[in-house]
Amino acid sequence: MPQHLLKILAGLFIGIFILVLAAGMALSIDKPLSNWHLESSFDEPFDYAAGSFTDYIAWSERRLRAARPDAPSDTVIANLKPFELVPEGDCPTDDNGRYRNGIVLIHGLIASPWSMRHIGEWFNARCFYVMGVLLTGHGSRPGDMLPATWEDWLADVDFATNQLAGKVDRLFLSGHSAGGTLSILEAAQNPDVDALILFAPAMAIAPASKYAIWLSHLGRFFPAAAWFELEPEEATYRYESFPFSAAAQTWELILETQARLASEPLTIPVMTVASAQDTTVDVQATFDFMQALENPLSHTLLYAQHSLPPYNRTQVVNSNLPADGIISLGHLGLMTPPDHPHYGRDGAYRYCGQYYGDETDNFARCKAGERDFYGEATEENRGFGLIERIAFNPFYDDMLAEIRLFLDQLAMDTRGLPLPPQLPGGNIPDLDN
């Protein structure tokens, strides 16, 4: 090779090395790591092909206890692990011992099964067989998110879906955020799924997430650089810290879901609950997904801070309740009752991460409960004062009534009875404006 080309290649290599070094150092600033941010040593595999859901719960508990030896109580571990709710003895079964309905519940990114537990109990009280999964890398410690992939998460969902399919006649999936995306992908590839009930499904996220995979690789050389956010881990049932790898895997999950839907559009009924003020996922993409569905029973329950025009198969609820200290709903807690002991209005948890790291005392004040309003942390809302991100749904009972109506309509459809008339149509609004 000519000498001048060797010099060019050497200069290019040195330039790349300096760039990577600078990026790694810049992304490591003010990110003190602890054991909490390292992958736990638990290495016992689970046999998804041969294991039962009971085995999966027991294995998950061993994983949680190994990663969280300082867990404050057995109650915390019980709330973090997967759960199975079998219908009561007076719930009918067919000649083969199968229950009429079953539902798999899938929590969102950095959350845990407890975020879906309360609505799971509501389904179970209506004779649903309920299984709640714990996605790989979740519930234990944030460091366990680093090696987790969307394929791992889908394997958890696929396992639970197949486990439940043999126990019920009609199978539902219900997921929040990335759990909603996993529900859609599983339904697109699994004909056993009969309907979906989604909460703020992630159909699109910030475009910058496509680069997160490259940033996550820096963590091999600069461990702190693997983290987009490092906040104090004060939450018991969700992570406060967020690695770049989680954003990268969510991006890949969304791409895979979109590709699958392009070749195999969903034909089953889908109900989605969302907020127009969601700052975590692109709610316009969620709305477009719902409007493209052809099943006449599919519809959206949309909470909006501002008035919106009428449009097809969508119910809009005004979520601006300043007299009640609430100015909007957001991404969190759409499936959570206001009296939830942890995420509710008077619960122990306060979501204030939007203020972490700024030069004011807003983070400490918010954590101390000195909010002006509950709401989503939009730029508009933050202009109204100190905002605590709302982690519960003040319209919870009304939402359950809408879900019950959706289930009743599905029952009518399966019996061949007339379906309700379609809602008046309208132009699809641009929710970004």
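Values in this text are rule-based calculations from the coordinates and carry no lab data. Since this is a predicted model, take the numbers as computed values, not measurements. Counting neighbours? That spans all protein chains shown, and the Cβs are built from the backbone with ideal geometry, glycine included.
The table for this structure:
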item	result
Phi-based couplings in Hz for region 182-196 (Karplus 6.51, -1.76, 1.60; Gly and Pro marked x)	4, 4, 5, 5, 5, 5, 5, 10, 10, x, 6, 7, 9, 6, 10
Positive-end extreme of charge dipole, the chain - chosen from V193, G108, V168 (charges on Cβ)	G108
DSSP beta bridge pairing in region 62-133, given as percent antiparallel to the nearest 5	45
Ordering of 279-287, 336-344, 257-265 by packing [mean C-beta count within 10 Å, highest first]	279-287, 336-344, 257-265
FRET efficiency for T93 and T360, using Cβ-Cβ distance with R0 set to 56 Å, rounded to 0.05	0.45
Loop GluC sites (Glu not before Pro), region 227-315, which have at most 15 other Cβ atoms in a 10 Å radius of their Cβ (DSSP)	E233, E234, E294
Helix 396-414 vs. the chain, principal-axis angle (Cα, 0 to 90°, nearest 10)	60
Calculated FRET value between D346 and N35, using beta carbons and R₀ = 45 Å, to 0.05	0.85
C-alpha long axis of helix 114-124 to longest principal axis of the chain, angle in °	10
Tilt relative to the chain, helix 283-292 - C-alpha long axis, 0 to 90 degrees, to 10	40
Vicinal HN-Hα couplings computed from phi for region 326-333 (Karplus, 6.51 cos²θ - 1.76 cosθ + 1.60; Hz; Gly/Pro x)	10, 10, 5, 9, x, 7, 7, x
Two-decimal ratio, region 115-250, of alpha-carbon radius of gyration to 2.2 N^0.38 Å	1.15
Packing-based ranking, highest mean first, of 132-143, 70-81, 153-164, 180-191 given that Cβ atoms within 10 Å are counted	132-143, 180-191, 153-164, 70-81
Of all DSSP beta bridges in the chain, antiparallel share, percent nearest 5	20
Estimated 222 nm signal from helices in the chain, with DSSP H stretches of n ≥ 4 weighted -39500 (n - 2.57), rounded to 500	-11000 deg cm²/dmol
Under-5 Å amide H pairs with L321, H placed in peptide plane, nonlocal only	I326, I327, S328
³J(HN,Hα), Karplus 6.51/-1.76/1.60, whole Hz, each residue of region 156-172, x for Gly, Pro	4, 5, 5, 4, 5, 4, 5, 5, 7, 4, x, 10, 9, 8, 10, 10, 10
Between region 189-268 and region 97-118, the alpha-carbon center distance in angstrom	19
About the Cα centre, charge dipole magnitude for region 140-231 (Lys/Arg +1, Asp/Glu -1 at Cβ), debye	220
Contour minus Cα-Cα distance for E294 and A50 (0.36 nm per residue)	84.1 nm
5 Å binning of all Cα-Cα separations within region 249-300, expressed as whole percents from 0 upward	4, 17, 26, 26, 19, 6, 0
Binned Cα-Cα distance frequencies in the chain - 20 Å width, integer %	25, 57, 17, 2, 0
